[in-house]
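Working notes, beginning with the structure itself.
Read the figures in this text as sums done on the coordinates, not as results from a lab. Small disclaimer: the values here were computed from a predicted structure and weren't measured. For neighbour counting, all protein chains shown are included, and Cβ atoms are generated from backbone atoms with ideal geometry for every residue, glycine included.
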């Protein structure tokens, strides 16, 4: 919970480590090469532990290590607390990803492509994860079928078999889906022949995956473009690879400074990955200064409003849309927010309205009229980003804001509460019994 309005603005430095949305896929990619792969700059979050347990169920030995910090409250804001994952991959993998783990993590579907490529078969439970809308597997399935696999949905599992062998093919994605791009690339790198995938996702996390695969011996051309050309190879080798920095966490801290005010340095955040976001914040009156090792954002007065339209990268990220809505709720003016990626993201709007935000939603549009201050209240975090955004909304709310189901935040933000406390925020974790008391 947090007390608002903030007694003083956010001032200091926060460090951004490796990207959740990349680290989990890099861990899945390690399945493609027997031997020991090491992934560094891995965030200390719950989802990494879940993925580690999933890889162990597939036959790997996994060791997750993060720096031991005696006084996290003092250290959380002044160092990168990312760690290392060591994965020993056997020659023979199990091919089934069970429901008890997959239901906890949407990214677990990324083992499908590697298992099809390595084992010639896979049985992966339909994934769970955040409640932000339907994210069908049609493009994953259609692409793998064109590569030579036979797929079906049976009793809550995606079942894949390769009757003969995979072979290169020409693929087209109806939408630049990150998950489909990842699965198809990981399957294609071991498929004989040439695979061309058009309309792929271009997020920095996709580039990171392709660079790791290239270091493993994959032959991929067109990295960072909308078309990837892959020449299949017989075998890949294990590698050591550093995870790309987390642009969503970096963007979250930029919005934290914009909402609460202050002068915050985001060390390790890549400003180039957030061009459109930082441009929007600059247009509101925030001062943004990019540097080689991060960026700095200064806010000394109430910011103006701005419109948001979420789109695939390099457009405005859907993962930062709840933060933009929160900022709009306390900005000067009226903002139109359009959500084009996940239809259920606006579940967050209902909780923000409980804090006194003046907003209306209609389909995938929301109109938000800013007001000087929100009002603290109990709210519910439905997903990772909504949870973090509600905490930040509490910085701009009079009274106490209590965010329940806050375990979602721990899936995407390392030591979120401790970092905020290190910046001077009056925030604490409390048990459900304490909240109900």
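Helical runs assigned H by DSSP (4 residues or longer) give the chain a calculated mean residue ellipticity at 222 nm of -9000 deg cm²/dmol, each run adding -39500 (n - 2.57) before division by the residue total.
Our summary gives the chain a relative contact order of 19 percent, counting only alpha carbon pairs under 8 angstrom and 6 or more residues apart. Panel order for 161, 182, 154, by other beta carbons found within 10 Å of each beta carbon, from fewest to most: 154, 161, 182. Look at 53, 202 and count the other Cβ atoms within 10 Å of each Cβ; fewest to most, that gives 53, 202.
Computed from the alpha carbon atoms alone, the convex hull of segment 208-357 holds 135 Å³ per residue. Using a simple spin-label model with pseudo-atoms 7 Å out from Cα toward Cβ, residue 68 and residue 364 lie 5.0 nm apart. Sorted ascending by nearby beta carbons within 10 Å, beginning with the fewest, 139, 27 become 139, 27. If you sort the three axes of the alpha carbon gyration tensor as a ≥ b ≥ c, you get a/c under 1.5 for segment 295-437, which makes it rounded. Convex hull of alpha carbon positions in the chain: directionally averaged projected area 19.4 nm².
Judged by the ratio a/c of the largest to the smallest principal axis of the C-alpha gyration tensor, segment 381-436 counts as rounded, that ratio being less than 1.5. Once the Cα-Cα distance is subtracted from the 0.36 nm per residue extended length, the residue 301 to residue 49 segment shows a gain of 86.6 nm.
Computed over segment 234-355, relative contact order equals 22 percent, with contacts defined as Cα pairs under 8 Å that lie 6+ residues apart.
Tell me the angle of helix 204-216 to the major Cα principal axis of the chain, expressed in degrees between 0 and 90 and rounded to the nearest ten. The two axes meet at around 30 degrees. Against the chain, whose longest principal axis comes from its Cα atoms, helix 247-260 is set at around 10 degrees. Prolate is the label for segment 20-232, because the ratio a/c of its alpha-carbon gyration tensor axes (a ≥ b ≥ c) is 1.5 or higher and a/b is greater than b/c.
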